[in-house]
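The values are calculated or read from the model by the stated rules, or taken from the named source; none is laboratory data. None of the values given here were measured: they were computed from a predicted structure. Methodologically, a virtual Cβ is constructed for each residue, glycine included, from the backbone with ideal geometry; neighbour enumeration extends over all protein chains shown.
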Amino acid sequence: MDKPAIKAEKLRVIYRPSIFKRPRVGLEGLDLEVCPNEVFGYLGANGAGKTTTIKALVGLIDANGGYAEILGRPAGDARSREKMGYAPENPYFYEYLNPIETLDFYGRLFGMSRPDRLKRAGELLERVGLAGARDRRVRQFSKGMRQRMGLAQAMINDPEVLILDEPMTGLDPVGRYEIRQLILDLKEKGKTIFFSSHILADVEAVCDRAAVLHEARLVSCGALSELLSSRTVGVEIILGNVAPELEKRLSVAAASARREGALVFLSAVDEESGGKLLGEAVNGGATVKRYVPTRESLEEYFIRIRREADAEGNGDPDTRPEARVPGEAPVKPSGGDGEPGTANPEDSK
Amino acid sequence: MPATASAPAQSPAALSCRRRRGLGTFFILAAMAAAFLPVPFVCNMHDPRRVAGKPDDILYLPRGETLKYMTVGYNGVAADITWIRGVLYVGRKLSHRDTNYEWLEKLYQVTTDLDPHWTRPYHTGAILLSALPQDDQRALSLLSKGLRNNGWSYEIPYAAAQLHLSRGRNREALKYLRLVRATMEGYPVVVGNIIAQLEKEGQDYERATRTAAGELQRKDDRVVRAILTSTYRETIARLLEVELTAANRHYARFRGRPAGSVHDLLSLPARGKSRAVRDGLIQNFTWALNGDRQLASEVIARLPGDPFGMEFYVRPDGTVHSRGIERVELFRILKTVNHFMKQFRKARGRPARNQQELEEFVRVLTRAGKLREGARKFWGPEVRLPPHPCGPKGWSLMRVGRDGLFAMPPGPDMEKIFRSSYPVPPGPRERKRRARALSRDK
Amino acid sequence: MIGRVWAVALNTFREAVRDRILYLLLVVGIGAVAFSKFLGEISVGDHLHVIVNTGLTAVSLLGVMISVFVGTGLIYKEIDKRTVYTILSKPVRRGEFIFGKYLGLLLTIAVCTGLLSIGFLVYYRAVAGVADDRATGLLYWMHGGRITVPLLAALVFIFVEICVVTAVAVMFSSASTPILSAVLTSIIFTAGRMSTWIPEYIRELARRGESGEVKSFFLQILYYITPNLSIMDLRDEAVNIGALPGDLAWRLLYAVSYSVVVLLVATLVFRRRRF
């Protein structure tokens, strides 16, 4: 690709809370590249180093080693932030100002002229859905409103690169939907969006590429389709009109089988055995209602990656990768934001 | 019981909740009242009005030097506060009729250490120190400190002069007044006059005349000039007396005997190196009148006329005197003497017959301690009538009127004397006018 | 750069002006000026002297207290409340942020002390001379104070002094908690107002023959480091002497230099700070 929008090379951040305590590694040897006009999702458990990465890119933290740049300018240099927008995880503003005044202030920091500032402020408030609260003091805002305000201020300068730290936290489903739309709109306009999130469904919905961070290290990175496509964890087959003997035969071959009324639900471990089952069913005269190779959801992928990394690190015997049983609700991701993963991967789109 | 649907019945639980709340508030208030009980009791125990007078707590006031560092640089207010402490201290002492002012000086020292350029504590403090505990030495040391720190403020040496004057130390007072006149601005206009008066009293008539003439040459204000003119008249009259008497001695050397009249005296011509009396006088008076030769000539031309519209005459002993001065002095002396004559008449029921009776009467008063300080100075330690201005035989020639008081000998009355015209040094405006007139005439 | 500094300053001003402690302090200041009338009345004659001294002290203390109470929390609050995140992630340099906060606070203090000064001057001119006749209870006007150039200069230089103290407060605020900053700033303020004791002490030591090279050297360094706030106190000139000193420009230059140095120290510290 031509010049990456965001680039990190062996980026390293070490925290030293006090001289007496041991230093803690916040980020170790991060190599990352975000292409222009791409939506990039940044995943990781709490404390993995997502916010650290973002802060290092945005200039709030000085890295201890390595190099990072935004739009060709070194991160930390004030000029690198001219075409960049950043929304922190829990944005805080001056309590006594109203949104218009707040955005006016941020606009000033970019040297925008007064009419520009006011126009843009009005537009942005509309865009993020805060137009109704334009005269209220920020003090009185709810969490969701603050989150939107954070997005609005990130876009005040019409940036080319947007770096968002957990943009969907605190929003209700409608809000999350709106933000997802916003991200997609921005992508249409040619912007680059880099955001971190716990809500895997959202990441799955909008991202082109994603990376996973685990305990200060990058464990995987790539296009979403690449990451997930190779992992077909099973096949789901729904059959109708199944004769009892066929059913018995199929249930032996299949990983799991159950009957609900007229329908029989089968699952296979992979495409090969799934194909065999299908063939048998068709030959046995059943009608195929559904044949779905279930890919691994991002969530499952995420959990698996974590477990593998943990096992690598700890040698923990408990981290056997578990096969997913179709039809069962997936295990809730631990340490998530409280947003439950969806029962069916199809529903998340 | 018919159910009244108008007011919704409150559940018993809510009622008791409110009642409980009210009860709780009541108990808290009761507890507050109970807890507060000892407070006014203890306060009254420590009421300062009940305690016998504390010893002066000025003892605990640190030195000014130390206090300067405790005030974090806000010396001005600290000085004000210690000054006010001083005011309150004096007030308290006065109201309790306590004469122990031992810490007054400390207060002023601290105040002036904190704000050395504030002049009021120096001069007012000195006045209070000299008046209340009568501590002149401390007052003067405070004033010297003030003068050291504030070389431009006239109030401090002026207060020192006042202090010295009030104690009769004219010489010291004169020193300070001269300092004020020579180096400062904004001082009261009468300072020049006071200096001239003091110099006259000290019999330094030359200096006095120079001072009076100098002041007249500098001032235009009518009231001030009026005051200065009367001083000027006296000083120049005295100076003329002295100069003419000296000239008469000179005359006597040449003619073998002193001149009998001023006219004769003035006619002595120049001889060899010595100038004529008239010229000599003009020369000396030019100097005395600060270089105004014209004025000096006028003054000498007036002779034998004196500054009071009367004249100079020669006494048998060769001394020259001004009748005007004599009259003025007699007038002043008679004021006091007649006061005692009145008292005599009131006490004895008849006027005093002669000098000795009056003196005896005053001696009685002195022994009874009824004389004030000024009167005591007037009568002197031996209680005698002061020498008569007109000469040793003067008192015997005085007549006592029917009112029992000495009468002024016949002559012009005092108004005329003090208003008589006489050449006086012109003020700046007058000089400018003359200069303009001169240039116009050219 | 100026635009950004000004933006931060203006915002700081807007935010600081809403801090309620300001109004409390202003009320206290007004109270002090009013109290001076009482002090003046019991001071036997020189009531104007007392009123001016108290007024100038009130303005000075007001400014310093705002500086300490508001200034020491200024940057700490931003960090604690995390409002810095959205600011430092804009193309604002850390130094611009510090200077902007400083200027904003100065603006606030200027408004407050300006108001109090004007109130004081009006009071001094008009009301100070009012007294009540004991016999009739009517008010009469004796004479108010004259507003002279040295008096105005004294007020201006009180503000200059506050500029220096505020710089120190901002510096501490960028490095530590409000309470510690307040204590340290107060200590420096006190030391600064009394800084002339150091050269006097050096002289005294020399006189007693106790001065070593090293001792004098360190004391001299201490003297240079401590802000010399006493030179910005023109009260004596305004009240007692009535004439301005000749080196006002130098004093101003000193204040500016010192403040700049302190703020640059703050910038250095702030730059290394991680958020």
Checklist outcome for this item: The correct count of residues that are surrounded by fewer than 21 Cβ atoms within 10 Å (Cβ to Cβ) and either more than 17 Å from B:R178 (Cα to Cα) or among the polar types (S, T, N, Q) (or both) in the range B:198-218 is 2
Checklist entry - Would the range A:186-199 turn up any residue that is in contact with a Leu (Cβ under 8 Å, 6 or more places away or on another chain) and small (G, A, S)? => result yes
Checklist entry - Looking at C:I202, is it within 30 Å of B:L147 (Cβ to Cβ), among the aliphatic types (A, V, I, L, M) and in contact with a Leu (Cβ under 8 Å, 6 or more places away or on another chain)? => result yes
Checklist outcome for this item: Taking the range B:411-442 and the residues there that are free of Cβ contacts under 8 Å to residues at least 12 places away in the same chain and within 27 Å of the chain's Cα centre (by Cα), the one that is surrounded by the fewest Cβ atoms within 10 Å (Cβ to Cβ) would be B:E415
Checklist entry - Taking the range C:228-258 as the search range and keeping residues that are of a type in the set (A, V, I, L, M) and not in a helix (DSSP H, G or I), which one is farthest from the other protein chains (Cβ to nearest Cβ)? => result C:L244
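Would you say C:T190 is within 14 Å of chain B (Cβ to nearest Cβ) and modelled with pLDDT of 90 or more?
yes
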Checklist outcome for this item: Picking from A:G26, A:G76, the residue that is at pLDDT below 90, in a strand (DSSP E or B) and over 19 Å from the mean Cα position of the chain (by Cα) would be A:G26
Checklist outcome for this item: The residue from A:G111, A:G107, A:G122 that alone is small (G, A, S), within 29 Å of A:K7 (Cβ to Cβ) and modelled with pLDDT of 90 or more is A:G107
Checklist outcome for this item: Within the range A:45-73, the residues that are touching a Ser or Thr at 6+ places or on another chain (Cβ under 6 Å) and either hydrophobic (A, V, I, L, M, F, W, C) or not in a helix (DSSP H, G or I) (or both) are A:V58, A:I70, A:R73
Next on the checklist: Only one of A:V288, A:V235 is in a strand (DSSP E or B), within 30 Å of A:A309 (Cβ to Cβ) and among the β-branched types (V, I, T). Can you tell me which?
Outcome noted: A:V235
Checklist entry - Restricting attention to the range A:54-69, and to residues there that are among the aliphatic types (A, V, I, L, M) and within 11 Å of chain C (Cβ to nearest Cβ), which single residue is nearest to C:T83 (Cα to Cα)? => result A:L60
Next on the checklist: For the structure I just gave you, tell me whether A:D116 is more than 10 Å from chain C (Cβ to nearest Cβ), without any contact (Cβ under 8 Å) to a residue 24 or more places away in the chain and not basic (K, R).
Outcome noted: yes
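Table: residues versus (1) within 16 Å of B:V242 (Cα to Cα); (2) surrounded by fewer than 17 Cβ atoms within 10 Å (Cβ to Cβ).
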position	(1), (2)
B:D264	no, yes
B:S267	no, yes
B:R271	no, yes
B:S274	no, yes
B:Q283	yes, yes
B:T286	yes, no
B:R293	no, yes
B:E298	no, yes
Checklist outcome for this item: Note: among A:R259, A:R217, A:R176, just one is within 27 Å of A:P36 (Cβ to Cβ), charged (D, E, K, R) and free of Cβ contacts under 8 Å to residues at least 40 places away in the same chain, namely A:R176
Checklist entry - When only residues in the range B:391-410 that are assigned to a loop (DSSP other than H, G, I, E, B), in contact (Cβ under 8 Å) with a residue 60 or more places away in the chain and of a type in the set (A, V, I, L, M, F, W, C) count, which is farthest from B:R233 (Cα to Cα)? => result B:L405
Next on the checklist: Regarding the range C:52-71, can at least one residue be identified that is in a loop (DSSP other than H, G, I, E, B) and either within 10 Å of chain A (Cβ to nearest Cβ) or buried (at least 19 other Cβ atoms within 10 Å of the Cβ) (or both)?
Outcome noted: no
Checklist outcome for this item: Per the filter on the range A:184-206, residues within 19 Å of A:I6 (Cβ to Cβ), hydrophobic (A, V, I, L, M, F, W, C) and in contact with an Asp or Glu (Cβ under 9 Å, 6 or more places away or on another chain) are A:I193, A:F194, A:F195
Checklist outcome for this item: Checked the range C:1-55 for anything among the aromatic types (F, W, Y) and modelled with pLDDT of 90 or more; matches are C:W6, C:F13
Next on the checklist: Going residue by residue through the range C:95-115, is there one that turns out to be within 14 Å of chain B (Cβ to nearest Cβ) and out of contact with any Pro (no Cβ under 8 Å at 6 or more places or on another chain)?
Outcome noted: no
Checklist entry - Do you know which residues across the range C:37-51 are more than 9 Å from every other protein chain (Cβ to nearest Cβ) and among the acidic types (D, E)? => result C:E41
Checklist entry - In the list A:D135, A:D104, which residue meets the criterion of being within 13 Å of chain C (Cβ to nearest Cβ), surrounded by fewer than 22 Cβ atoms within 10 Å (Cβ to Cβ) and either more than 22 Å from the chain's Cα centre (by Cα) or closer than 25 Å to A:G72 by Cβ (or both)? => result A:D104
Next on the checklist: Exactly one condition in (1) farther than 21 Å from A:L186 by Cα; (2) part of a loop (DSSP other than H, G, I, E, B) is false for A:E89; which is it?
Outcome noted: (1)
Item to check | First in the range C:1-30 and within 13 Å of chain A (Cβ to nearest Cβ) and small (G, A, S), second anywhere and assigned to a loop (DSSP other than H, G, I, E, B) and surrounded by fewer than 18 Cβ atoms within 10 Å (Cβ to Cβ), Cβ under 7 Å, 6 or more apart | outcome: C:G3/A:G111
Item to check | Extreme residue, farthest from A:V219 (Cα to Cα), among residues of the range A:1-45 that are of a type in the set (V, I, T) and in contact with a helix residue (DSSP H, G or I) (Cβ under 6 Å, 6 or more places away or on another chain) | outcome: A:V39
Checklist entry - What residue, among those in the range A:76-92 that are among the aliphatic types (A, V, I, L, M) and in contact (Cβ under 8 Å) with a residue 24 or more places away in the chain, is surrounded by the most Cβ atoms within 10 Å (Cβ to Cβ)? => result A:M84
